[in-house]
Amino acid sequence: MAKLNDNYLKLKAGYLFPEIARRVKAFSDSDPDAAAEIIRCGIGDVTEPLPAAAREAMKAAIDELGKRETFRGYGPEQGYDFLRAAIAEGDYRGRGVEVADDEIFVSDGSKCDTGNILDIFGPGNTIAITDPVYPVYVDTNVMAGNTGEADEAGAYAGIHYMPCTADNGFVPAIPEGKVDLIYLCYPNNPTGATATKGQLAAWVEYARGNGAIILYDAAYQAFVQDGSLPRSIYEVDGARECAIEFRSFSKNGGFTGVRCAFTVVPKELLAETAAGEKKPLHPLWARRQSTKFNSVSYPVQRAAEALYSADGKAQIAALIDHYMGNAKLLREACAGLGLDVYGGENAPYVWVACPPGIDSWGMFDKMLGEAKVVVTPGAGFGAAGEGFFRISAFNSRANVGTVCDRLRTIV
Ligand SMILES: *Cc1c(COP(=O)(O)O)cnc(C)c1O
């Protein structure tokens, strides 16, 4: 009989969002009038319409495809040159950071890229992952066979978990021992925390000293408001020798449904063969994408390119202002309840400590029952998320205003 991939059987059933849905449904069934008033601040999806620059570019590209003279079929597997150049110039070289056009690999999402990247790494790497965390990093390592079984708390044997707490500002301590692959995400989902350039420099130093590679997820870089904070790990000297960076148009350009992202693999980045020889990873990722991927549709790549135009930049800035204005209101409302509030200043997530005596699911129930607001319990992102809940700023201003009014009424 054909054999399945046993690693998939180690995965904990998608627990967080189904459990949230179950509790929301139970509440709605018990009180149908209240159900109509529920406001969802749980899932991290954008709410505001697609920027006009992107829509216009997409429409023009569709018209090109409608004419024989300008029709295009398959594009380059790594993305069209026009987009790779716009990204390398707009996000990196224009900001004084060295990245070549052909180090940019366009894709249909950072979720896929952060998972697929494991294709180019061999077995036996020690994986370091923050706790709490975006679950994709953990689950894709389980699928790839890089872990053992999960314990009762959902922690997998073989993963080096790095607790992110209020005490360390939600930036983990550098490991005492040796790890090989390190997942970092700043600005962070779910904590909304940021890492300073000095903190990233310490990670780069560790990685270079230990032959480790940092997988840096910068999906939320556009939300950075404090000009002294890094937007890219490549702002740190030496990072080109030890880091891969993932970025997405999902959160800045509202592309969660449109789908476009990219991964940066510097040519200096080396890893070891089974025989102990050092080789560059850039050709491996190029080969992986050429073999298993046919890039992103032409209209979508034109839409992403348009985000780098003057209009596109202004429209992104307006979207970010909108969401960060929401975050500010949510921070103030939670602080007004006397709660300790983190994040929400350079990220669209507000991370709130539960009051004494209530755990994160308890707080979820309280927010739902008393305020009809759906938040995300921190425990769902990892053991160190217990004692916190996440409020997403991805919402309309009207909804956020209502959420803030209701928060003032809970006790
Ligand atoms: C939303 C998000 C992404 C972006 O994923 P896409 O697949 O590009 O939509 C990446 N990383 C994190 C942590 C995110 O929250």
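The values are calculated or read from the model by the stated rules, or taken from the named source; none is laboratory data. The structure displayed is predicted, hence computed values, not measured ones. Here the Cβ is made from the backbone with ideal geometry for all residues, glycine too, and neighbour counts use every protein chain on show. Note: accessible area is taken over every heavy atom of the protein model, side chains too, but ligands, DNA and RNA are not part of it. Shrake-Rupley method; radii C 1.70, N 1.55, O 1.52, S 1.80 Å.
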Study note, to complete from the structure: When THR126 is run through (1) more than 18 Å from the chain's Cα centre (by Cα); (2) of a type outside the set (D, E, K, R); (3) open to solvent by less than 10 Å² (accessible area, probe 1.4 Å), the failure sits at (3)
Point to revise | Qualifying helices (runs of 4 or more DSSP H) (wholly inside the stretch 71-156; at least 1 residues being closer than 14 Å to LEU181 by Cβ and within 16 Å of the ligand (Cβ to nearest atom)) | key: 110-116, 135-143
Practice item. Residue by residue through the stretch 157-180, note down the ones that are away from the ligand (no atom under 15 Å from the Cβ), closer than 24 Å to ALA239 by Cβ and assigned to a loop (DSSP other than H, G, I, E, B). Key: ASN168, GLY169, VAL171, PRO172, ALA173, ILE174, PRO175, GLU176, GLY177, LYS178, VAL179, ASP180
Check your understanding: Within the stretch 58-68, can one find any residue that is open to solvent by less than 50 Å² (accessible area, probe 1.4 Å) and of a type in the set (Val, Ile, Thr)?
Key -> no
Practice item. With respect to LYS10, determine if the residue is surrounded by fewer than 13 Cβ atoms within 10 Å (Cβ to Cβ) and at pLDDT 95 or above. Key: no
Review point. For the stretch 259-278, how many residues meet the condition of being over 26 Å from ALA54 (Cβ atoms) and in contact with a helix residue (DSSP H, G or I) (Cβ under 6 Å, 6 or more places away or on another chain)?
Key: 3
Point to revise | Options GLU277, GLU241: the member that is in the same structural domain as ASP217 (by TED's automatic domain parsing) and more than 21 Å from TYR216 (Cβ to Cβ) | key: GLU277
Practice item. Give, as residue ranges, the strands (runs of 3 or more DSSP E) completely inside the stretch 181-295 that count at least 2 residues that are away from the ligand (no atom under 16 Å from the Cβ) and farther than 18 Å from SER392 by Cα. Key: 270-272, 278-280
Review point. Is it the case that the stretch 212-220 has a residue that's at pLDDT 95 or above, farther than 21 Å from ILE129 by Cβ and touching an Asp or Glu at 6+ places or on another chain (Cβ under 6 Å)?
Key: no
Study note, to complete from the structure: Picking from THR126, THR147, THR196, THR140, the residue that is polar (S, T, N, Q) and under 23 Å from GLY343 (Cα atoms) would be THR196
**Study point:** Selected residue [free of Cβ contacts under 8 Å to residues at least 60 places away in the same chain and of a type outside the set (Phe, Trp, Tyr)] from LEU368, LEU339, LEU329
**Key:** LEU339
